[in-house]
Amino acid sequence: MIIAPSILSMDFSKIPTQLAELEKTEAQWLHVDIMDGHFVPNLTFGPDFVKSIRNQTKLLMDVHIMVSDPVYFADVFIEAGADLITFHYEALNDPQKVSRLIHHIQSKGKKAGLSIKPATPVELLYPFLKDLDLVLVMSVNPGFGGQAFMPESLVKVSQLKHQIQLMESSCLIQIDGGINQDTAVMALNSGVDCLVAGSYVFKNNIAKAIKTLWENQ
């Protein structure tokens, strides 16, 4: 199981301190939500911010681009230091374009992930499971941190897990939104491999919060 704390919920006046705290925990990845104010109704971080974070941590940089032009921004954030780029199916809405971007990201030596919004049918992800490194199931509507967990998202997780096993794929399943000690158990029991947790980690004692997630595996 992989824990990926989301920096969207960090105290930005304490970034070096909180990154140092994370490095001492069981967290393996750092989740970075990029929002363009168009694909989702919020605006977050640019490439310079990601470069700065990259220079301060050895954690794998897991960058989720919620943008209308993922083809352009994939390269922008790869150059900024991303190790994994996850983009949205809905941003391209074309299987050929999705496949091309997956392979382009991987051709740069990076991992490729694909995500869907809660209202999007999970079956749209199936054709790409053999090629993907990760699929991200949103358990809230993307755009803002601190939302309540949507239990119906776990149906998608179970369906994806079954399909991944049928295809003998190595693709990981990540979940993002409303993850805490209780919802983490539900997610892991449904087949999730990677937990993204923001408010639960950074609004509490960081080490203790991550430890409670880790002990659920």
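The values are calculated or read from the model by the stated rules, or taken from the named source; none is laboratory data. Fair warning: this is a prediction, and the values are worked out from it, not measured in the lab. Glycine gets a Cβ as well: all are built from the backbone with ideal geometry, and neighbour counts include every protein chain shown.
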Revision key, fill the gap. Okay, helices (runs of 4 or more DSSP H) sitting entirely in segment 9-105 with 2 or more residues that are over 17 Å from the mean Cα position of the chain (by Cα), under 25 Å from TYR126 (Cα atoms) and among the aliphatic types (A, V, I, L, M), I get none
Point to revise | Residue under evaluation HIS103, criteria (1) out of contact with any Gly (no Cβ under 8 Å at 6 or more places or on another chain); (2) surrounded by 15 or more Cβ atoms within 10 Å (Cβ to Cβ); (3) of a type outside the set (D, E, K, R), criterion not met | key: (2)
Practice item. Return a yes/no flag: does segment 123-131 have any residue that is under 16 Å from ALA187 (Cβ atoms) and at pLDDT 95 or above. Key: no
**Study point:** Matching residues, segment 151-160, being under 15 Å from PRO121 (Cα atoms) and surrounded by fewer than 22 Cβ atoms within 10 Å (Cβ to Cβ)
**Key:** GLU152, LEU154, VAL155, SER158, GLN159
Practice item. Would you confirm whether any residue within segment 57-64 is closer than 17 Å to MET138 by Cβ, out of contact with any Gly (no Cβ under 9 Å at 6 or more places or on another chain) and either modelled with pLDDT of 95 or more or crowded, with 19+ Cβ neighbours inside 10 Å (or both)? Key: no
Practice item. Confirm whether PRO142 is crowded, with 23+ Cβ neighbours inside 10 Å, assigned to a loop (DSSP other than H, G, I, E, B) and either of a type in the set (Val, Ile, Thr) or at pLDDT below 95 (or both). Key: yes
Study note, to complete from the structure: Reported set for segment 191-204 where residues are modelled with pLDDT of 95 or more and part of a loop (DSSP other than H, G, I, E, B) is GLY191, VAL192, ASP193
Check your understanding: Right, ALA112: in a strand (DSSP E or B), on the phi < 0 side of the Ramachandran plot and of a type in the set (A, V, I, L, M) or not?
Key -> yes
Review point. Residues of segment 16-45 being in contact (Cβ under 8 Å) with a residue 12 or more places away in the chain and over 23 Å from ALA197 (Cβ atoms), which ones?
Key: ASP36, HIS38
